[in-house]
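Input: a single structure, listed below in structure tokens.
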């Protein structure tokens, strides 16, 4: 428990997602897992498939060359699952011949067994972390038996901190009440003249409101402003 508390304190101080990933990799190694891959579908990322991973170039290149992302059974299950699950290259139940081939090649790259922790919060896009081991089946099962609960907690904390460091911060309500009214009517498709009549203000005042709104939101069109206000919850659909 002391090790867990120490790690949770460390990740709370991490300044970047890369710092966080290094800390997580170090911690899971102490629990008997050599590598990990993290996926968060709310976070845009240009990395090969995972948002952070240390699977090694051999497997990364093979995975991409063979387009294994289209058939990966662990990835597919991770997208659906709500509870942690173990997986291994020896379990071929329900797999296609190509998926079996993929899992055998993963084993040859040191990913013979693994454990995946999904995080599927209602209303949010899913995320999950897979840790993998090149240990024997017996050693892997022992690591899971003794460390599954701790690994679950570590993964959920990693996920929360990664999102905090990576996701755009919610837009504060920088618009005035009158500007919000203008955006509400713009969302409903009203023209400047119609907004002027509804709010009993001049057309020039409406134009000035839109100029201020664009500057505050960093947008250049009415449509973009509406979308951003809807996305950030400043106005309702």
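Only one of 78, 94, 32 is part of a loop (DSSP other than H, G, I, E, B) and surrounded by 14 or more Cβ atoms within 10 Å (Cβ to Cβ); which? First the steps, then the outcome.
Details: 78 fails: part of a loop (DSSP other than H, G, I, E, B); 94 fails: surrounded by 14 or more Cβ atoms within 10 Å (Cβ to Cβ).
None of the others qualify; the one that does is 32.
Looking only at helices (runs of 4 or more DSSP H) that lie completely in region 128-234, which have at least 2 residues being at pLDDT 90 or above?
Values: elements: 137-166, 177-187, 192-199, 203-217, 222-231.
Where helices (runs of 4 or more DSSP H) fall fully within region 128-234 and carry at least 2 residues being at pLDDT 90 or above, they are 137-166, 177-187, 192-199, 203-217.
What do you reckon, is residue 199 touching a residue at least 24 places away in the same chain (Cβ under 8 Å) and surrounded by 14 or more Cβ atoms within 10 Å (Cβ to Cβ)?
Working: touching a residue at least 24 places away in the same chain (Cβ under 8 Å): no; surrounded by 14 or more Cβ atoms within 10 Å (Cβ to Cβ): yes.
When the stated conditions are applied, residue 199 does not pass them.
Going through 83, 64 one at a time, which residue ends up being out of contact with any helix residue (DSSP H, G or I) (no Cβ under 8 Å at 6 or more places or on another chain) and at pLDDT 90 or above?
On the way: 64 fails: at pLDDT 90 or above.
Step by step, each of 83, 64 is checked, and only 83 is out of contact with any helix residue (DSSP H, G or I) (no Cβ under 8 Å at 6 or more places or on another chain) and at pLDDT 90 or above.
Kindly evaluate residue 50 against the criterion of being outside any helix (DSSP H, G or I), in the same structural domain as residue 112 (by TED's automatic domain parsing), at pLDDT below 90 and in contact with a helix residue (DSSP H, G or I) (Cβ under 8 Å, 6 or more places away or on another chain). Give the steps one after another, and end with the answer.
Values: outside any helix (DSSP H, G or I): yes; in the same structural domain as residue 112 (by TED's automatic domain parsing): yes; at pLDDT below 90: yes; in contact with a helix residue (DSSP H, G or I) (Cβ under 8 Å, 6 or more places away or on another chain): no.
So residue 50 does not fit the description; no.
Of the conditions (1) farther than 13 Å from residue 37 by Cβ; (2) touching a residue at least 12 places away in the same chain (Cβ under 8 Å); (3) out of contact with any helix residue (DSSP H, G or I) (no Cβ under 6 Å at 6 or more places or on another chain), residue 102 fails just one. Which one is it?
The failed condition is (3).
The values are calculated or read from the model by the stated rules, or taken from the named source; none is laboratory data. Keep in mind that what you see is a predicted model, and the values were worked out from it rather than measured. Ideal geometry is used to build each Cβ from the backbone, glycine not excepted, and the neighbour counts take in all protein chains shown.
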